[in-house]
Amino acid sequence: MAIFRDFCVIAVFLINSTLMVTEGLSKDVSKVSNGPSMEINYAPRPLSTYEKYLNSCAVRLNPDCGDEIFSVIFFGNKIVSGDCCVQLVSDVGKQCHDDMTKYILRLPKFKTNKAEILARSERIWSDCVYLDVPLIEPVGADIPLLDLIDVES
């Protein structure tokens, strides 16, 4: 009976030792992947040529004007100031304006209101072009108005 008891003690000791060594080593080894990771990678990726083009369009606007125009187009809750209209028409241009709007429309958040957003974008552009058109000076604008009026008649 003593031999059986000694044998059991040795067996338990060997099993415990094996488990301790296996557990200790397994913590140092990374676990094998069982498929695609569910973690989101927030590391920046290089910009595509199109994204670089859009970025160059966006930097032409003062950040406050960019926020103002974005709010008007995508949420319809503000109006665009005259200064921002001038920047949009003069510095950004129609093609950049349209391309930036279409790019943002790719986001799921805005896809449901696509027609409404495109209509607002076109309206903002038209309104800003109208505001940015310089007034045509009449012929002889450098002559004071009183000189053009025939006082004697």
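The values are calculated or read from the model by the stated rules, or taken from the named source; none is laboratory data. The structure presented is a predicted model; accordingly, all values stated were derived computationally and were not measured. Here the Cβ positions follow ideal geometry from the backbone for every residue, glycine too, while neighbour counts run over all protein chains shown. Accessible surface is based on the protein model in full, side chains and every heavy atom, while ligands, DNA and RNA are left aside. Shrake-Rupley method; radii C 1.70, N 1.55, O 1.52, S 1.80 Å.
Only residues that are open to solvent by 70 Å² or more (accessible area, probe 1.4 Å) and in a helix (DSSP H, G or I): list them for the stretch 71-89, please. I'd like the intermediate steps shown before the answer.
Taking the stretch 71-89 first, the residues open to solvent by 70 Å² or more (accessible area, probe 1.4 Å) are 75, 77-79, 83.
Across the stretch 71-89, the qualifying residues are Phe75, Asp83.
Scanning the stretch 98-119 for residues that are under 17 Å from Leu61 (Cβ atoms) and touching a residue at least 40 places away in the same chain (Cβ under 8 Å) yields Asp99, Met100, Tyr103. Considering only residues that are among the acidic types (Asp, Glu) and open to solvent by 60 Å² or more (accessible area, probe 1.4 Å), which ones fall in the stretch 90-113? Within the stretch 90-113, Asp91 is the sole residue that qualifies. Do we find a residue being outside any loop (DSSP other than H, G, I, E, B), modelled with pLDDT under 95 and either among the small types (Gly, Ala, Ser) or under 15 Å from the mean Cα position of the chain (by Cα) (or both) anywhere in the stretch 137-146? The answer is no; no qualifying residue exists. The set of residues in the stretch 27-60 being of a type in the set (Ser, Thr, Tyr) and either touching a strand residue (DSSP E or B) at 6+ places or on another chain (Cβ under 8 Å) or modelled with pLDDT under 80 (or both) consists of Ser30, Ser33, Ser37, Tyr42. When each of Gly66, Gly24 is tested for being at pLDDT below 90, part of a helix (DSSP H, G or I) and open to solvent by less than 50 Å² (accessible area, probe 1.4 Å), the lone residue that passes is Gly24.
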